[in-house]
1. Take chain A, connect every pair of alpha-carbon atoms lying under 10 Å apart with a spring to form a Gaussian network, then pick out the residue of A:262, A:215, A:70 with the largest mean-square fluctuation.
2. At a 1.4 Å probe, which residues in region B:266-284 are at least 40 Å² less accessible with all protein chains present than in their chain isolated?
3. Once phi is turned into ³J(HN,Hα) by the Karplus curve 6.51 cos²θ - 1.76 cosθ + 1.60 with θ = phi - 60°, what whole-Hz value does each residue of region B:287-296 show in order, with x for glycine and proline?
4. Taking K and R as +1 and D and E as -1, what net charge do the other residues with C-beta under 10 Å from the C-beta of residue B:148 add up to?
5. So if R0 is 41 Å, what FRET efficiency would residue B:302 and residue A:172 give, r being the distance between their Cβ atoms, rounded to the nearest 0.05?
6. Heavy atoms only, probe 1.4 Å: what % of the accessible area of region A:1-110 goes to carbon and sulfur, would you let me know?
7. To check my understanding: the extent here is largest minus smallest coordinate of the Cα atoms along each principal axis. What are those three numbers for region B:160-230, in Å, largest first?
8. In what sequence, largest accessible area first, do B:210, A:35, A:56 appear using a 1.4 Å probe?
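The values are calculated or read from the model by the stated rules, or taken from the named source; none is laboratory data. These figures come from a predicted structure and were not determined experimentally. Ideal geometry is used to build each Cβ from the backbone, glycine not excepted, and the neighbour counts take in all protein chains shown. Keep in mind that these areas ignore ligands, DNA and RNA; they rest on the heavy atoms of the full protein, side chains included. Shrake-Rupley method; radii C 1.70, N 1.55, O 1.52, S 1.80 Å.
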There are 2 protein chains.
Amino acid sequence: MFFEGSEKKIELHMSRSAVSLRSLPKDFWQQALAEAGAEILSVLSNQHCDAYVLSESSLFVWERKLLLITCGNTRLVDAATYMITQLGTKFISSLSYQRKSEFLSYLQASRFEDDIEQLKGHIPGIAYRVGHLDNHHHYLFCSQPTQDRNSGASLLMYHIKGEVAEYLRSDKQSSEQIRCLLQLERLLPQFQFDDYLFKPCGYSVNGMFEDRFITIHITPQERSSYVSIETNLNFSQYPFNIFSELLKILSPSSWDIIGMNTQINNQDFPSHRRLASCNLQLNQLNEFNYNHYIQADSEILCAEVL
Amino acid sequence: MFFEGSEKKIELHMSRSAVSLRSLPKDFWQQALAEAGAEILSVLSNQHCDAYVLSESSLFVWERKLLLITCGNTRLVDAATYMITQLGTKFISSLSYQRKSEFLSYLQASRFEDDIEQLKGHIPGIAYRVGHLDNHHHYLFCSQPTQDRNSGASLLMYHIKGEVAEYLRSDKQSSEQIRCLLQLERLLPQFQFDDYLFKPCGYSVNGMFEDRFITIHITPQERSSYVSIETNLNFSQYPFNIFSELLKILSPSSWDIIGMNTQINNQDFPSHRRLASCNLQLNQLNEFNYNHYIQADSEILCAEVL
């Protein structure tokens, strides 16, 4: 019942002289995703963006920007290499590649160091690790951007507990009920959603309103549960902290908050302690902010019989 | 500069009808260790025990018990298999095998699950994992013991800091100065010590007094530093908590305390918080107590440029 929820993520900005990414045929994305070992399950479009739910996470395509997130044992670096080659490096104004430490890294097709060697063959950049090897850590690779700033925030939750977590692990689930339990319509009333319920469990949802997006991926499996939320919401426009609300609903044992040029206020978070933090100036335009939190109470571990 | 300090450990008890383990020739131990990819560097003996400093950690041999600890990329399970086969399973009254989650598990020759399959081919038992896959975790395999209880305590420290840690990473070191900085003569005045200083860094010391032992292994490398201390001391016979004293000297960011049929009091520990704990009844004779602690202050992480 193990599934590797931890994701790899690529964000790519195109120069102003490039063609619109949205004008590329669906074939292009299908071929790129095939390189990674993923496929398109569903698409939702508005005037700004095409949002794809994938067999492993999500792809968002704006005119001059794309965000591709894949989980499991996918080879995102191969999709990135395909896209870079096809689009032409001279039209790419910035590239960032991130990889979260996996639950079972030995199952992965490559290590981050291998991925970076491959990417550096096309685009120069600097690679970092934030966090100790024996704890949650994040890998980043960033080119020197010439124009656009990245922006966005991620909430990564580990070991979710409580009623909603139990429902997500149960035999009888529906997308409608999960959407209801996550309170997405209440939290983001203007958003359109497109979701997918995996068998035997697992749930992905993309949401969009104008040029804003949110994407949530839930790997509910007991003992390796993981939920990722990625968004470019403007948090100050909401009467509550969206991340706090989702933390209360899913009740993780620990969580990471990552902001790219964004600081997420933790004052409404469930009772917690911040274990570690890092502010890293990646280049002239971009700052990476990392915070690792744990629940306030000491955890009683249950031994797993193997 | 990376070295895998995390260890594998085997404890084996012989039945009362078996020959004394101490009567076995040195060849036997050399051959067993060669199976694991380790060798003997030094030996210290008293009337109870032979204590070997190894190229990767330590071996203690009593008349009816042995404790073998190996680090790096050694294949301890192969040494165990050799010993079990040579000694004869009918003379083995209990076996326990432990393995700490590694910093870089993909460099290991085998996974715990593989090791257990190999051991179960010789001796039946039950295997456990204590701790989440995305955090420090410990693997255990235990046969059903017929007579002897295990006993002992481990202190495993991660990310040591301060003057002693800096000295251990420096160009100019001596065994004498390290023994002095660790205050071993003050803490354990009755003990005899046998130590080894590795190049470019790394330090091992075995200590013995009558049938009591302590073994300390230091992997000081910055960003993956690790110190393990294993002992069968009777803590109540000392005017201070030995583990507290060593924690104050080496100042780790986090540490694990493992007691086999032993509970280590944490009241003199440096300012800390207990993140997780587990009491696991392994069988009729043995209880495994695990506690994971972190320093009280939130940690500011420095990104590592790769």
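1. A:262
2. B:273, B:275, B:277
3. For region B:287-296, the Karplus curve yields 10, 9, 10, 10, 9, 10, 10, 10, 4, 5 Hz.
4. +3
5. Working from the Cβ atoms, E equals 0.30.
6. For region A:1-110, the apolar C and S fraction of the accessible surface comes to 48 percent.
7. In descending order, the Cα extents are 36, 21, 19 Å.
8. Order by accessible area, largest first: B:210, A:35, A:56.
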